[in-house]
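Shown next, in structure tokens, is the structure this report addresses.
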Amino acid sequence: MKDKLEQIRERIQAATEACGRDPATVRLVAVSKTQPVSRIAEAIAAGATDLGENYIQEAKEKIESLAGHSVCWHFIGHLQSNKAKIAVSLFDWIHTVDSVKLAAEIDKHAAKLGKVQKILIQVNTGQERSKSGVAPEDMAGLVTEISRFAHVTVQGLMAIPPFYADPEAVRPHFKKLRMLRDAIEKQQIPNVVMEELSMGMSGDFDAAIAEGATMVRIGTAIFGARQ
Ligand SMILES: *Cc1c(COP(=O)(O)O)cnc(C)c1O
């Protein structure tokens, strides 16, 4: 595990250097879905500081068992509004907000906990019917509506592009997300910080970094294949 994490850090360093970025601007989110608590503890011991989970019930058990470790938890799965309460209580970041309704639920529960929840807006860059995420053309309107919630802070955008075996084929999607981010950043919407770009997974994170990723979500390259 330590070797795998080290190799990924080296790849992040090489990818940032290749495009003149500071490696410290890329956060490595180790995606631990389906991995047992023992493997996650191993990753934390090997230096993982940020962990990503997709399923609320599974995450709850793991996060509670690992409560003694000071790590940052990222929710990267599809979130139903009726699970917003528990997501807010467990996660530092929620990457997958794609509707006002969901943001309103998050805001309501964050207010009760006296928390300002960091969120990203998930964009469906490939316009795939099977995928969650707001359509690119509706993103700015959604961000504007969400910006009025006091207990939610929009920090950037996230995408899960269509699958291609060749990372170069995914690159236009990464670029599109960056351009959407840059465009909305210019609008200077109050209460909206457009700093983060959550994009890139095990097979394509180098290309994502070249296009500006600030969070890469990496599972199999760290933990091996999922069961
Ligand atoms: C599972 C998952 C990942 C990690 O994928 P790998 O190919 O295993 O690195 C990243 N992002 C999301 C949203 C995921 O569901």
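The values are calculated or read from the model by the stated rules, or taken from the named source; none is laboratory data. Values in this document were obtained by computation on a predicted structure and should not be read as measured data. Cβ coordinates were reconstructed from backbone atoms using ideal geometry, including for glycine residues, and neighbour counts include every protein chain displayed. Each accessible area value is taken on the protein alone, full model and side chains, heavy atoms only, with ligands, DNA and RNA left out. Shrake-Rupley method; radii C 1.70, N 1.55, O 1.52, S 1.80 Å.
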Inset, instruction - Scan segment 71-101 for residues that are polar (S, T, N, Q) and either modelled with pLDDT under 95 or within 13 Å of the ligand (Cβ to nearest atom) (or both) and report the count. - result: 1
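For (1) of a type in the set (V, I, T); (2) on the phi < 0 side of the Ramachandran plot; (3) open to solvent by 40 Å² or more (accessible area, probe 1.4 Å), each residue gets a yes or a no:
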site: S65; (1), (2), (3): no, yes, yes
site: F75; (1), (2), (3): no, yes, no
site: K83; (1), (2), (3): no, yes, yes
site: A104; (1), (2), (3): no, yes, no
site: G114; (1), (2), (3): no, no, yes
Inset, instruction - Find all pairs meeting these conditions: Cβ atoms under 7 angstrom apart; at least six residues apart or on different chains; first residue within segment 21-37 and closer than 16 Å to M158 by Cα; second residue away from the ligand (no atom under 16 Å from the Cβ). - result: V26/T16
Inset, instruction - Working only within segment 168-226, note down all residues that are over 22 Å from N54 (Cα atoms) and either in contact with a His (Cβ under 7 Å, 6 or more places away or on another chain) or in a loop (DSSP other than H, G, I, E, B) (or both). - result: Q187, Q188, I189, P190, N191, E211, G212
Inset, instruction - Sort out which residues of segment 24-40 are more than 16 Å from the ligand (Cβ to nearest atom) and under 14 Å from W73 (Cβ atoms), and write them in order of number. - result: V37
Inset, instruction - Considering only residues that are within 12 Å of the ligand (Cβ to nearest atom) and open to solvent by 30 Å² or more (accessible area, probe 1.4 Å), look in segment 155-164 and name the one that is nearest to the chain's Cα centre (by Cα). - result: I160
Legend entry - Single condition Q127 does not satisfy, out of (1) touching a residue at least 40 places away in the same chain (Cβ under 8 Å); (2) polar (S, T, N, Q); (3) assigned to a loop (DSSP other than H, G, I, E, B): (1)
